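The values are calculated or read from the model by the stated rules, or taken from the named source; none is laboratory data. Predicted model only: the values in this text are computed from it and were never measured. Cβ sites come from the backbone with ideal geometry, for glycine too, and all protein chains shown count toward neighbours. Accessible surface areas use protein heavy atoms only, side chains included; no ligands, DNA or RNA. Shrake-Rupley method; radii C 1.70, N 1.55, O 1.52, S 1.80 Å.
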Amino acid sequence: MRRSATSVAVFILLAVACVSCSREQSQSAAEAERPRPSILLVTLDTTRADCMGFESDAVETPALDALAARGMRFSQAWTTVPTTLPAHTSMLTGLYPSEHGIRENSRFVDDDRVLLAECLRDAGYSTAAFISGYPLKRRFGLAQGFDLYDDDMGRGNAERAAGPTTEGALSYLESTSRRPVFVWVHYYDPHDPYVPPEPFRSLYPSSPYLGEIAYMDQELGRLIEGFEGRISGGESRILVVGDHGEGLGDHGESLHGNLLYRGVMRVPLIIAGSGIPVAEVETAVSTRRVFDTILGWAGLDSEFDLLAAAEEIVMGEALKPYLQYGWQPQVMAVRGSIKVIQSGETEVYDLRSDPSESENLSDKIKVDPEIAEAIRGYALLPEIGEASSGDALDQEARRQLAVLGYVGWESPAPVREDAPNPRDMTHLFADLDEGSEFFVREEYEASIKVFERVLAEDPENLMVTVRLAVAYSILGNDERALQLFSRAEQIHPGSIDLQHYLAMHHFRFQRWDLAAPLFEKVLTVMPRKLPALEALARIRESEGRLDDAARLMERVIALKESPAAEWIRLGELEMAMTDTPAAIRAFEEARRLQGEAFDRYLELGVCYLAVHSFAAAAEALDLVPENHPGYAMALFKRAQVSVLLGEPEWRERVRYAYERADPQIRQLIEREPLFQDTAGR
Ligand SMILES: [Zn+2]
C-alpha cells in the first residue's frame, strides 16, 4: 500500500469512523447471530522473536510452542517502534507513531484518541487490563475503554512480575460472569534488569534474559489455561505479541530504543483459538494490525485481518536518538524480504539471505519506488503541541521511568546539518543511558562525570549539554552552568525547555528578576509545566504578591495526583491574606488526602475559631499533639473555644493552658477578656 499523505488521511478517517459505526455494526442481524468470542491479548515486553523455543534451542517456552502449534505464527511481525508506550499505542490504535503522535515513553495518549478497548466496550465487551511495567501506567492514557485497569505494582515499584500479574487476571476471570470479555495482559519480565526467579535463574545461569522469557512463558501457560478454562462453552481467541525485542549486542546495541535492526524490531506474534487454522505466515506484518484484527474478531468493521494478511509495506521508526540527541531520525520499511533503513544514509538488507543484516546492499539493490515513497511520506516531526505533553510529569514519575532506563526529553532537538547516524554512535549508548539514569536519580556528580565524557565526543548533543548545565546549577557551579546554557542556546535557539531550565537556574541562585519573566514565558507555551508553576509561586510569595502565589498554587494542585503539601501551602497563603474560608477549605483538603499524617490542626482550629465554627475548632485543636511546637498556643486557643462553647470545664482548661504556657502566651492569657475572672489562677 502506498502511504501517501492522502492514504494516511483516508486511513485516519476510517479509523475514526470505526467507532461511530461500531454500535450499528454490532447490532446488525447477521452479527447478532454470530457469537462473539472472548479475547485474550497478551503483550510480551522486550521479547525477541528469535528467543522463542520454536525458533531457538537456547530457551524452552512450552506454552508459546503449544500455542504456535495450534494456531497461526507470524515469522515476519514487526513492531512500529522499539519503545514500550508508543509500540503499545500502535497496537491499541492501529496507527503508526507518526499518526498517533506518541514517539517516546512518558508522553500522554489523548483522551479523544480512539482505542481498541473503547470500541470493544461499546460493542458490549467486558474489558480488563493487567499491566506489569511503569511506562504503561494508567496516567499515560492507554486505560481508556477498560472497565478495570490493574496497574498496581506495589508502592514504589516500577514493575510487577508475571506471577502476580497472572494472578490478577485469573481472579478477574473467576469473578466476572459477563461475556464476552476482552482481557489484555502485559508481561514485563524480559525488560532489563534481567533477574529471573528460581528455578529459571539456575536453569539459565549465563543468559538471565532467556531465564526471564522462560519464567514469563510458564506464567503465560497458566494464564492461557485459566482463560480457556473459564471461558468454557463460548468461543475464545488469543493473540500473543511482543512490543519490541532487545539488542543483546547486535549492531552494538544492548538494550532497545536506539536502532532499527531485526533483534529489536522483529517480535513474536501468534494467534490461536476458535476457528483459527494452523499455519506459519511469512508475510511481513505490522503489530499495529493487532487493532484491526481484534476489531474484526469482535464483529466490528475492520479493514485488515491478520487471518488473511495481505502484503503491505510495513513501517517502523526509532526517533529517540533524534529527539534526545539531535542525531539522524531513523525510519524503516519492510516488504517481502527486503528491508530499508533510512537515517541520513540508506541501508538495504535482504532478510532471507542475510537475516542478521550484516551486508548493506544499497549499492547493489535499487530501492523500489513504492518503498522510497512510503519512507518519504512517513511523517518525521511530532505534531505541533506535542512537545508540551510531557510537562506534568513529576519527580517521582521521572524517577520511576529512570529506574527502567527511560528518560524523556521534552522538545525535539533540531536535526543538525552534520547530524551523526545513530548506528555510528553505539559507543555512546551506554554512557548516555547511564548519565541520564544518574541525572534523574539526582546523583549529579556521577552524572557530570559521564556526560562530560559524552560531550567531548559529541559536542553538539543538546540533551547532554542541558543536563550538564542543570547538574552544575544544582551543585552550585553558577559559572559552568551559565556557560553550558549559552552553548545550548546556540545549538537550539529559542528552545522553550532550555528557557525553563535557565529560569530554574536563576531561581536556584535567587535571581528573581531574571527567573520570573522566563517562567512567565514558559508558562505561556506550556501552561501545565509544574516546576515552573511551583517556582513562580515561590517567587511571587517572596515578593509579597500573595494572591498571585495562591492562584499559581491552585494550578499546581489541579495537576497533581495527591497535592497535600500544596493544599497546605495554599492554606498558609490564604491565612496570610486573611481569607479564612479559603484557608479552611485548603487545610481540609490536605487533611482528607493525608489522613493521620495531617499536622495542621492548630492552623485549622484557629481558622474555625475565626469564623465562629466553635465545635469544629474544638475538634481540630484537640488533635494538636503534645509534642507540637505550638502546643501551648493550641491549649490557649482551646480554652477560648471552651468558654465560647460554654463547656463546664472551661476554667480547668484555662488553668492548664496557663501552666503549660511560655511567658508570651501567659501574657495573652492574662489579657484575654474571655478569661477575666480566672486569668493567672
Ligand atoms: Zn517495551
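Odds and ends about this structure:
- Electrostatic tally near residue 476: other residues with Cβ closer than 12 Å to its Cβ, Lys and Arg +1, Asp and Glu -1, net -1.
- Cα gyration tensor shape of the stretch 192-324, rounded if a/c is under 1.5, else prolate or oblate by comparing a/b with b/c: oblate
- Between amide H atoms placed 1.01 Å from N, distances below 5 Å from residue 77 occur with 267, 285, all of them 5 or more places distant or on a separate chain.
- Average accessible area per residue (Å²) across the chain - probe 1.4 Å, nucleic acids and ligands excluded: 40
- Computed from backbone phi with θ = phi - 60° and the Karplus coefficients 6.51, -1.76 and 1.60, the 3J(HN,Hα) list for the stretch 334-341 is 10, 9, x, 9, 9, 10, 10, 10 Hz; x is used for glycine and proline.
- J(HN,Hα) series, the stretch 52-60, from Karplus relation 6.51 cos²θ - 1.76 cosθ + 1.60, nearest Hz, glycine and proline x: 9, x, 6, 10, 9, 8, 7, 9, 10
- Under-5 Å amide H pairs with residue 127, H placed in peptide plane, nonlocal only: 147, 148, 182
- When the listed pairs 320/366; 137/560; 320/529; 521/560 are checked against a 20 Å cut-off, the alpha-carbon distance exceeds it for 320/366; 320/529; 521/560.
- The local environment of residue 63, defined by Cβ-Cβ distances under 9 Å, has a net charge of -3 under the rule Lys, Arg +1 and Asp, Glu -1.
- Value of [θ]222 nm, deg cm²/dmol, for the chain, DSSP H segments ≥ 4, -39500 (n - 2.57) each, nearest 500: -14500 deg cm²/dmol
- Value of relative contact order over the stretch 83-154, rounded to a whole percent, pairs C-alpha under 8 Å and six or more apart: 30
- Spherically averaged projected area of the convex hull of Cα atoms, the stretch 532-621: 5.5 nm².
- Both the radius of gyration and Dmax for the stretch 91-249 are 16.4, 48 Å, in that order, over alpha-carbon atoms.
- Computed over the chain: relative contact order in percent, which uses C-alpha pairs under 8 Å that are six or more apart: 12
- Counting protein heavy atoms only, the stretch 120-185 has 44 percent of its accessible area on carbon and sulfur, 1.4 angstrom probe.
- Shape of the stretch 82-185, Cα gyration tensor, a/c cut at 1.5: oblate
- Classification of the stretch 436-504 by its C-alpha gyration tensor yields an oblate form. The axis ratio a/c (a ≥ b ≥ c) is 1.5 or more, and b/c is at least a/b.
- Relative contact order, percent, the stretch 125-224 [alpha-carbon distance under 8 Å, six or more residues apart]: 30
- Placed amide H near residue 330: partners under 5 Å, 5+ positions off or other chain: 318
- For the chain, the Kirkwood radius over C-alpha pairs fed into Stokes-Einstein at 20 °C and 1.002 mPa s yields D = 76 µm² per second.
- Karplus (6.51, -1.76, 1.60) ³J(HN,Hα), θ = phi - 60°, over the stretch 197-213, in Hz, Gly and Pro reported as x: x, 5, x, 5, 4, 6, 6, 10, x, 9, 9, x, 4, 5, x, 4, 5
- Length gained when the stretch residue 365-residue 110 is fully extended (0.36 nm per residue, less Cα-Cα span): 87.7 nm
- Annotation: lysines with alpha-carbon distance below 18 angstrom to residue 364 (same-chain offsets under eight excluded): 339.
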